[in-house]
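Enquirer: Before we start, here is the structure in question, set down as structure tokens.
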Amino acid sequence: MSEQIGVIGAGTMGQGIAQVLAQSGFTVSLFDIASEPLERALEAIDRSLARLVDKQRLSEAESEEARQRLTTTTDLETLADCSVIIEAAPEQAALKEKLFSDLDRLAPHSILASNTSSLSLTGLAAVCERPERVVGMHFFNPVPVLKLVEIIRAEQTSDATVEKIEQLTEAMGKISVRIADSAGFAVNRLLVPMINEAVFLLQEGAASAEDIDTAMKLGAAHPMGPLALADLIGLDVCLAIMEVLNDGFADPKYRPCPLLRRMVDAGYLGRKTGRGFYSY
Ligand code: 3HC
């Protein structure tokens, strides 16, 4: 059996990470607390693999082999044999701390990587008896398409842990950059304030959502405009990242736009709820 990697959380990011690992030849155990999200994740992975086969990026046989390397579980203990466990659970500090403290006990030999976009890796490592094996491995949505992984080093992370995650990133066909453990890391610190500023433009009535997005697509060659991107990321996630930047740097330039907050309060979270700056 090939090297076994665990993925925690069957949401959008966990699905994408599991798919890319399986396509890259790893044996993958995808964990979630219930079987329904796991079934939905497998359906989404099947659709994504089928699209790659249609586009002749992958052969039928390769797709089938990738699927065979992928299993699901609702039992955290089955991840104990994984060389690396990548956590992509919801962005709630208490939940992630509990998971890391459980994994620290259940999987004493695994490297524990978190896909967190906003929490301090140093704080997560601090709940573990062996904090030197805790590291950030931050992927970008859609994971099968975007090449970057930010590797975030907690204060406690060892060189061996960082090197192992660099090798894993390369084996997944991705490119890594190393970033210190600071609010927003690199990409979100640059990207999400731009989105927030686009929401200010909209709130001020300076331009329509469509025109703001067209401006950035055609004027700055972005693949999608900031408001469409906010809908893809999730408005709740964008707001949470702005809060982390605001708290972390105590600088008014990171003030979340009131319209962004109101939309989150209304439950208009973007694609995942069918409504954000656009309707889906
Ligand atoms: N899964 C797998 N493949 C996908 C996909 C998905 N969810 N979405 C798109 N693709 C593939 C398509 O199949 C297509 O493949 P092809 O080149 O072989 O035809 C390719 O990606 C391009 O897709 P489309 O032609 O459908 O559409 P676009 O050219 O408009 O690309 C996009 C769509 C890839 C989403 C592109 O618009 C894009 O890269 N947008 C920016 C996304 C971005 O900035 N993400 C980062 C968000 S920040 C983040 O994730 C961090 C977190 O912490 C918040």
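The values are calculated or read from the model by the stated rules, or taken from the named source; none is laboratory data. No experiment lies behind these values; they were computed from the predicted model shown. Positions of Cβ are backbone-derived with ideal geometry, glycine not excepted, and every protein chain shown enters the neighbour counts. For the accessible areas, the whole protein counts, side chains as well, though only heavy atoms, and no ligand, DNA or RNA atoms are used. Shrake-Rupley method; radii C 1.70, N 1.55, O 1.52, S 1.80 Å.
Enquirer: Starting from the Kirkwood Rh over alpha-carbon pairs, what translational D in µm² s⁻¹ does the chain have by Stokes-Einstein at 10 °C and 1.306 mPa s? Kindly include the intermediate steps, with their values, before the conclusion.
Expert: Details: Rh = 19.6 Å.
So the translational diffusion coefficient is about 81 µm²/s.
Enquirer: Another question about this same structure. State to the nearest 20 debye the size of the charge dipole of the stretch 1-62 about its Cα centre, where the only charges are +1 on K and R beta carbons and -1 on D and E beta carbons.
Expert: Working: 5 positive and 9 negative charges, 48 e Å.
The dipole of the stretch 1-62 has a size of about 240 debye.
Enquirer: Let me ask you something else. Within the chain, which DSSP H helices have Cα atoms that stretch 15 Å or more along the helix axis and a mean Kyte-Doolittle hydropathy of at least -1.0? Walk me through the numbers before you get to the answer.
Expert: Values: long enough: 12-23 (17 Å, 0.50); 35-54 (28 Å, -0.25); 93-106 (19 Å, -0.14); 159-171 (18 Å, -0.52); 187-203 (24 Å, 1.10); 209-220 (16 Å, 0.01); 235-249 (21 Å, 1.26).
Long hydrophobic helices here: 12-23, 35-54, 93-106, 159-171, 187-203, 209-220, 235-249.
Enquirer: Which whole number of Å³ per residue matches the convex hull of the alpha-carbon atoms in the stretch 241-280? The partial results should precede the final answer.
Expert: On the way: hull volume 2.6 nm³, N = 40.
Looking at the stretch 241-280, the number lands at 65 Å³ per residue.
Enquirer: Putting +1 on Lys and Arg Cβ atoms and -1 on Asp and Glu Cβ atoms, find which of L259, M242, A22 reaches farthest to the positive end of the dipole of the chain.
Expert: Ranked along the dipole, the leading option is L259.
Enquirer: Further, regarding this structure: Could you pull out the GluC sites (Glu not before Pro) across the stretch 84-172 that fall in loop regions by DSSP (anything but H, G, I, E, B) with no more than 10 other Cβ atoms inside 10 Å?
Expert: On the way: sites: E87, E91, E97, E129, E132, E150, E155, E163, E166, E170; in loops: E91, E129, E155.
Answer in residue order: E129.
Enquirer: Residues of the stretch 130-271: accessible area per residue at 1.4 Å, in Å²?
Expert: Values: 6610 Å² over 142 residues.
Per residue, the stretch 130-271 has 47 Å² of solvent-accessible surface.
Enquirer: Here's a follow-up. Going through the cross-link list K147/K272; K147/K217; K217/K272; K96/K217; K164/K253; K98/K253, which pairs have a Cα-Cα distance over 29 Å in this structure? Write out the running numbers ahead of the final one.
Expert: Numbers: K147/K272 23 Å; K147/K217 20 Å; K217/K272 23 Å; K96/K217 36 Å; K164/K253 37 Å; K98/K253 33 Å.
The pairs that break the limit, which is 29 Å between Cα atoms, are K96/K217; K164/K253; K98/K253.
Enquirer: Any idea what the alpha-carbon Rg over 2.2 N^0.38 Å comes to for the stretch 35-121?
Expert: Values: Rg = 15.7 Å, N = 87, 2.2 N^0.38 = 12.0 Å.
For the stretch 35-121, the normalised Cα radius of gyration is 1.31.
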